[in-house]
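Accompanying notes for the structure given below.
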Amino acid sequence: MQRKPAALTAEEFDLVIVGGGIFGAAAAWDAALRGLKTALVEAKDFANGASAQCFKMVHGGIRYLQHGDLKRLNFSCNERSVLLNIAPHLVNPLPIVIPTYGNGRRGKLILSAGMRLYDALTLNRNRNITDPSRHVPNTRTLSRDEVLSLFPDIERQGLTGGAEFCDGQIYSPPRLVLAFVRSAVNAGAVACNYVEATGFLWDRKRVRGVRVRDALSGEVFDVRAKLVLNAAGPGAEYLLEHPHFGCWQRGKFSRDAYFIVNRSCSSYHGLAVTGQTRDRDAFFSRANRHLFVVPWRNVTLIGVWHRHFPEHPDTALVLREEIDEWIAELSVTYPALDLKRNEVVHANCGLVPFGKSESSDEDLSFGKESRFIDHAREHGVQGLVTLVGIRYTTGRGDAARALDLLLKQLPKPPPSAPTHAIPLLGGDIDDFTQLHRQAHAQRPEWLNESSLDALLRNHGSRYTRLLRQAQRDTERIAGSNTLGVEVTHAVVEEMAQCLSDVVLRRTDLGTAAHPGFTALEQTAQRMQPLLGWSDRQRDEQVLATDQLLRAHQAFARTPAAAAA
């Protein structure tokens, strides 16, 4: 997969998709499998925004029991099953424990009843998952001693036991998006990052493509297409500032944030703790909305916190004082965690559609579904549908729904594609546990276990290609488990254009913490001849990536300070 902007002007496409996050990437793969000539353009890098900043969870819909929303429950459960099936190297089940206290709303009786109902409503959750190591088990109740054996430091007073359910966890959200993009390209799509859509091409009240600007060359050109899917996330609605759309009012967004703590969990189980935010739309609520403390790689993730965010998406950030507020909240809800400020090594945030009450940020109306805007029906504008996605989990399913809506405008819409059953690139694995066992049994002496694990998780069945290259080039990036050939592969085969693309989205170098200045320099030196950088450009890339990583580490004092 190589970056070829000229291919975007070589022909008229059936469909151009704006936005290279999970929704746009999934739509590109779906459309290409339907036989459509498809183009995908992304203003920055693939999975640069909310898709990369998500909490790395694939939710099975258990929370929607509280809303009595069986439609969303079944949809989420199905999409979790699909991702566990088509990307078994990148998505795995994660058991989560909810402690129970007393005999009231937080007691075992009410929670157990809800869990049994959830099991009954999701009997088919493993039907299409071919990899047995990715099966989601039934929920189960836990005794007090079982809960304490997993989490010996939780509040003991009134503890009666707990319940355990499984959701999915993503090893690397950006690489899962990239798997969709690469699968789309393999199916015939043209994809290009760092190509920003600046407006639509108009033929009266019909959209005929998009005008774009190449962020790397500065060139402005047109990408022509019969249809356009606007899936640019929180930036999608800024493309609708045109008289044909009337007095457009941007929808409400939440800045969903979490932080990474440099501490290993006591077990491979997540823990749900009661937060201080109430979901006012829940019909059946045990208590306030849960925060999750979950293991991920060798660190701990804690989140998610929601805040209404009316400003421009590019200004979304985590303020330093918010870290202190979050730690203060955790000291009340989970005092035994005893979280220290210097343990917080990374903060992530992204924008998703949201509904907010007018009272306070402790009483919130959370987003329900992705926004689908049929502009032919809403504004009389032909050739355009806008999709503003809400959950990474539903990216594939919502992309299919948006395409079905848009393709109705064709004289003969192509049939749906079986994206629920076709493995993504690297996902053709019958049993990931067995693959892992075989790979480690054959591991060469020069390769450590952690580096091999990273190859398996990031590349799945295609890991052997990089392993063969690494046998001739055994360099490893300083202080990390990332191999030099992974950097080369990211540039040559995965369209990485900037150092941050490799460090944050193609490899494990900067996904949990700053890898160190030496590692940045070594990585940039390896990229330099492949991208034709001058020494000055190489050094600029190092400094820019260092500043970006430090912004995630130190956090911003004020929005102005962060921008500076």
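What follows is calculated from the coordinates using simple rules that are stated; it is not laboratory data. The shown structure was predicted, so the numbers you read here are calculated from the model rather than taken from an experiment. Quick reminder, even Gly has a Cβ in these numbers, built from the backbone with ideal geometry, and neighbours come from all protein chains shown.
For this structure, a couple of remarks:
- Theoretical gain in end-to-end length, VAL345 to LYS4 [0.36 nm per residue, Cα-Cα removed]: 119.1 nm
- Long-range tail of P(r) for the chain (Cα pairs > 34 Å, %): 39
- Kirkwood-based Rg to Rh ratio, the stretch 105-183, C-alpha trace: 1.10
- Extending 7 Å from Cα along the Cβ direction at LEU410 and again at ASP324 yields two label points whose distance is 5.7 nm.
- Among LEU549, VAL273, GLN525 - extreme Cα towards positive end, dipole of the chain, charges at beta-carbon: VAL273
- When DSSP beta bridges are restricted to pairs lying wholly in the chain, around 75% turn out antiparallel.
- Only DSSP H runs of four or more residues enter the estimate; each adds -39500 (n - 2.57), and after division by the residues of the chain the mean residue ellipticity at 222 nm equals -10000 deg cm²/dmol.
- Cα Rg, Dmax, the stretch 432-554, angstrom units: 14.6, 47
- Compared with the direct C-alpha span, the chain from GLN553 to ARG468 gains 27.1 nm at full extension, assuming 0.36 nm per residue.
- Each Lys and Arg adds +1 at its Cβ and each Asp and Glu adds -1 at its Cβ; summed about the Cα centre, the chain shows a dipole of about 1220 debye.
- Label point 7 Å beyond Cα of HIS308 along Cβ direction - residues of the stretch 248-264 with amide nitrogen under 20 Å: 248-257
- Across the cross-link table entries LYS252/LYS412; LYS44/LYS71; LYS71/LYS226; LYS44/LYS252, which are compared at the Cα atoms, the separations over 27 Å belong to LYS252/LYS412; LYS44/LYS71; LYS71/LYS226.
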